[in-house]
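The values are calculated or read from the model by the stated rules, or taken from the named source; none is laboratory data. No experiment lies behind these values; they were computed from the predicted model shown. Cβ placement follows ideal geometry from the backbone for every residue including glycine, while neighbour counts extend to all protein chains displayed.
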Amino acid sequence: MSGKRVSFHTLGCKLNFSESSTLAREFERGGYHRVEPSEATDVAVINSCSVTEHADKKCRNIIRKIHRRNPNAIIAVTGCYAQLKPEAIAEIEGVDIVLGNNDKGDLYKRVIELQKHDRAEVYSCPVEQLTRFFAAYSSGDRTRSFLKVQDGCDYKCAYCTIHYARGASRNMPIADIVREAEEIAAAGQKEIVITGVNTGDFGRTTGEKFIDLLRALNDVQGIERYRISSIEPNLITDEIIEFCASSPKFVPHFHIPLQSGSTRILGLMRRRYTAERYRERIAKIRDLMPDAFLGVDVIVGFPGEGEQEFMETYHLLEEVGASFLHIFPFSERPGTPAVTMPDKVQSSIATERVSRLEELSDRLHRAFSERYLGTERTVLFESTDHDGMMYGYTDNYLRVVAPYDSRYINTICTVLLDSFDSDGNIRSKIVG
């Protein structure tokens, strides 16, 4: 198999990105050459998402496009859509192998053993048997790595299929995760993004605590920055906030899903907090880390959301000073309680509300960014040369641009934030 080409098409979350990168390393060790998704290939791996119907449709379209371009390539599909609808994927022309999330770690082995048949081979299991933990971290970026620390979710929110696709909350021991962080440091990467399905629920299978994982990672030599990719409002404790505020390695950047600013809608969604609890958690962060960037997930058009409930969401986002919004129009997922709920929101109304939140997000992000013009922040510059310019992120997640200088690549620099460019990035001058 030496010298063959493999491409990866990753949909969805940072967790999928870390898993695809780990699978790619296994193919590379086996003699494969990784190529870009648009290039000709011998093996195409699609790591799918199923958070919305749009994600499912995107996966199907990618499969068909790959098969048209590479009619003789092996097409392997894994991930959440493959877990939920393996037989439907197996019926798509060109697909050779389908692996649910329990078998994702066996993908390389299954591909090299594959015998071509008229129909795809399917490796899948019921959700209650999703118990394996596929350890993963990304390595394609010279500066930053996504480190998987947790998988699965026990929450069963009314709109969500992730607990069906990923199984129960589980993790590997802190000691094993620390060893992976040390591998990342040895490869020269300076920043780790801590990822999972329900990251703050870490410890279900080992009896450990998320705060203990953060403390252990903080001691890894060579890693200068940590970000927590996403954490539920009910799981971000005072202890976690206080630790992040006191650690020079954990940056002032949080991604905390809201979904709705209406406590009534949150109850229908089966979320585990109220609007007031969300407000109080953000106030705690603002008190200890006033410069913190706050990314927020919001669902628009959930059944029962009237104009009043939408405006409660709108005003709460303004009040807490969200820095950026990830906005999702409600998507019915088969088998979830939300499908049978009354008081559906017309798609035209949901679309209009999405537009209003997009305008709000732009305004809030601009206001957050403007606060730091004329100030100094630390930046980790990335390796790519973009037409003589280099880019990076401040500790509080502002995207910065400066003239390319190889001396500053993959180093933490202090910069003076100057002005916006035409793309909304902040021009900067290196001062230390």
Would you check if there is a residue in the range 163-182 being assigned to a helix (DSSP H, G or I), surrounded by 23 or more Cβ atoms within 10 Å (Cβ to Cβ), among the small types (Gly, Ala, Ser) and touching a Leu at 6+ places or on another chain (Cβ under 8 Å)? yes
Any chance you could count how many residues in the range 39-65 are closer than 21 Å to residue 15 by Cα, hydroxyl-bearing (Ser, Thr, Tyr) and at pLDDT 95 or above? 1
Within the range 238-247, is there a residue that is outside any helix (DSSP H, G or I), within 22 Å of the chain's Cα centre (by Cα) and touching a residue at least 12 places away in the same chain (Cβ under 8 Å)? no
Regarding residue 329, is this residue surrounded by fewer than 15 Cβ atoms within 10 Å (Cβ to Cβ) and of a type outside the set (S, T, N, Q)? no
So which residues in the range 158-170 are in contact with a strand residue (DSSP E or B) (Cβ under 7 Å, 6 or more places away or on another chain) and without any contact (Cβ under 8 Å) to a residue 60 or more places away in the chain? 170
So, first residue at negative phi in the range 414-432, second residue part of a loop (DSSP other than H, G, I, E, B) and surrounded by fewer than 17 Cβ atoms within 10 Å (Cβ to Cβ), Cβ within less than 6 Å, six or more apart or across chains; the pairs are 414/431; 414/432; 416/431; 417/372; 417/373; 417/375; 427/421
Conditions: (1) under 21 Å from the mean Cα position of the chain (by Cα); (2) without any contact (Cβ under 8 Å) to a residue 60 or more places away in the chain. Residue 284 meets all but one. Number of the miss? (1)
Could you please let me know if residue 82 is under 23 Å from residue 25 (Cα atoms) and buried (at least 18 other Cβ atoms within 10 Å of the Cβ)? yes
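I need the helices (runs of 4 or more DSSP H) fully contained in the range 14-101, keeping only those with at least 3 residues that are in contact (Cβ under 8 Å) with a residue 60 or more places away in the chain.
14-29, 80-84
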